[in-house]
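Step one of this worksheet: look at the structure below.
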Amino acid sequence: MNIFRLAGDVCHLVAIIILLLKIWRSRSCAGISGKSQVLFAIVFTTRYLDLFTVFISPYNTIMKVVFLALSYATVYLIYMRFRNTFNSENDSFRLEFLLVPVIGLSFLENYAFTPLEILWTFSIFLESVAIMPQLFMITKTGEAESITTHYLFFLGLYRALYIANWVWRYHTEGFFDQIAVVSGVVQTIFYIDFFYLYVTKVLRGRGKMTLP
Amino acid sequence: HALNMAHDEL
């Protein structure tokens with residue numbers, strides 16, 4: 001464990017909590033892509049199947065349970081509790097455009113052709129594109145509430161910090177996880193234009209982020 | 001390839 005990975009996990013946790021609290025306190029999921037949240041729940045489910053078979057550390061196990069619980073709670077709030085506030089017509093991204101390539105690639109490119117490894121690879125590739133429905137919704141509605149942009153900022157920052165973690169681990173312990181690194185770089189690239197908008201619009205404007 | 005390495009990252 002290093003400071004970059006710890007900071008990354010904290011940012012990830014903060015992002016998930018920001019979103020969950022926003023939905024719970026505003027009792028509404030307007031402007032939130034339910035599809036992205038479903039994809040994140042799938043990412044955690046397929047990645048943490050080794051929750052009961054592999055023990056890394058108390059921290060690792062606890063964080064896996066927390067991420068699973070919070071992501072399912074978010075999906076529950078969107079599709080059950082506050083479903084009448086869910087505007088599905090804006091959440092129109094075709095998930096098959098993401099799932100088909102990701103499933104295909106995880107069968108082609110993996111470390112071992114075993115169910116657990118293929119599912120782990122699937123979760124890595126899926127995570128890199130899981131935010132697309134949310135970013136697509138923002139471009140479609142042309143705006144995002146500032147809380148939603150803070151959520152996206154921390155979510156993008158978490159994987160950027162993981163890249164620093166991989167650089168650190170490569171130089172200190174020769175660790176190099178090619179699948180995770182390539183996918184993590186792609187994932188972070190998707191956030192770059194959002195980061196630019198976030199800094200120029202939200203942090204200065206202190207209001208809604210309206211796309212040009 | 002590092003086969004069957006336990007994935008120690010979240």
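Can you pull out every residue in the range A:52-64 that is hydrophobic (A, V, I, L, M, F, W, C) and away from chain B (no Cβ under 11 Å)? Give the derivation first.
Quick first cut of the range A:52-64, residues hydrophobic (A, V, I, L, M, F, W, C) only: A:52, A:54-56, A:62-63.
Listed by number, the list holds a single entry, A:Phe52.
What's the number of the only condition in (1) modelled with pLDDT under 95; (2) buried (at least 20 other Cβ atoms within 10 Å of the Cβ); (3) of a type outside the set (D, E, K, R) that A:Ser88 fails to meet?
With respect to (1) modelled with pLDDT under 95; (2) buried (at least 20 other Cβ atoms within 10 Å of the Cβ); (3) of a type outside the set (D, E, K, R), A:Ser88 is out only on (2).
Can you name the number of the only condition in (1) within 14 Å of chain B (Cβ to nearest Cβ); (2) closer than 22 Å to A:Ser26 by Cβ; (3) surrounded by fewer than 16 Cβ atoms within 10 Å (Cβ to Cβ) that A:Gly142 fails?
It fails just one condition, (1).
Let me confirm something: among A:Leu105, A:Leu98, which residue is away from chain B (no Cβ under 14 Å), without any contact (Cβ under 8 Å) to a residue 40 or more places away in the chain, touching a helix residue (DSSP H, G or I) at 6+ places or on another chain (Cβ under 8 Å) and not aromatic (Phe, Trp, Tyr)?
Working: A:Leu98 fails: without any contact (Cβ under 8 Å) to a residue 40 or more places away in the chain.
Of A:Leu105, A:Leu98, the one residue that is away from chain B (no Cβ under 14 Å), without any contact (Cβ under 8 Å) to a residue 40 or more places away in the chain, touching a helix residue (DSSP H, G or I) at 6+ places or on another chain (Cβ under 8 Å) and not aromatic (Phe, Trp, Tyr) is A:Leu105.
Within the range A:34-43, is there a residue that is modelled with pLDDT of 95 or more and within 14 Å of chain B (Cβ to nearest Cβ)? Write out each step before concluding.
Within the range A:34-43, the first condition is being modelled with pLDDT of 95 or more, and the residues that meet it are A:34-43.
Checking which are within 14 Å of chain B (Cβ to nearest Cβ) leaves us with A:40, A:43.
Taking every residue of the range A:34-43 in turn, at least one turns out to be modelled with pLDDT of 95 or more and within 14 Å of chain B (Cβ to nearest Cβ).
Determine which single condition A:Gly205 fails, assuming it passes every other condition in (1) in contact (Cβ under 8 Å) with a residue 60 or more places away in the chain; (2) surrounded by fewer than 19 Cβ atoms within 10 Å (Cβ to Cβ); (3) more than 17 Å from the chain's Cα centre (by Cα).
Answer for A:Gly205: the failing condition is (1).
Quick check on my filter: what residues within the range A:1-13 are surrounded by fewer than 18 Cβ atoms within 10 Å (Cβ to Cβ) and under 12 Å from the mean Cα position of the chain (by Cα)?
Residue satisfying the conditions is A:Leu13 alone.
The values are calculated or read from the model by the stated rules, or taken from the named source; none is laboratory data. Quick caveat, the model's predicted, so the values are computed rather than measured. Note that each Cβ is placed from the backbone with ideal geometry, even for glycine, and that neighbours are counted across all protein chains shown.
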